[in-house]
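Structure, as structure tokens:
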Amino acid sequence: MIKVSVMYPNSSDATFDMEYYCNNHVAMVEEVLGDALKAVAVDSGLAGGVPGQMAAFIVMGHLTFDSVESFQQSFAPHAEKIMADISNFTNIQPQIQVSEIKRHFFVKWQASLYLSQV
């Protein structure tokens, strides 16, 4: 499994419409990537590692796929549409990282909390 992280660096002049991102952009990405997309997570940065420090990233979107090839095959036909939508919710140029998932687990309390919401 791989994870594609789309990270939006934080700055004093950064703007980001989280409602549009979650309700429109991510929904569109889910639709166009179809069954190749296995999971989606959106993280909103709260703080850095030092009290009072701004988060390094204002938002991070994480997309999970079976393989790099699966990501590339599903993303390529829709890349232009996905990238063109970015200006509708932010003035930030995202940074992309592709990672191999080495271990994925839920801590017991998280799993029970997650399952109670499903």
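Structural remarks
- Here r is the Cβ-Cβ distance between Gln72 and Val50 and R0 is 35 Å; the resulting FRET efficiency, rounded to 0.05, is 0.40.
- Computed FRET value (nearest 0.05) for Asn24 with Ile101, which takes r as the C-beta separation and R₀ as 25 Å: 0.40
- Annotation for Gln93 and Lys81: the two label points, set 7 Å from Cα along the Cα-Cβ direction, are 2.6 nm apart.
- Calculated Cα extents along the principal axes in Å (choose from (i) 40, 39, 26; (ii) 43, 31, 30; (iii) 40, 34, 25), label: (i)
- Other-chain or far-sequence residues with amide H under 5 Å of Ile92's (modelled H): Thr15
The numbers here are math on the coordinates, done by the rules we state, and not lab data. In this text, all values refer to a predicted model and were calculated from it rather than measured experimentally. Backbone-built Cβ (ideal geometry, glycine too); neighbour counts: all protein chains shown.
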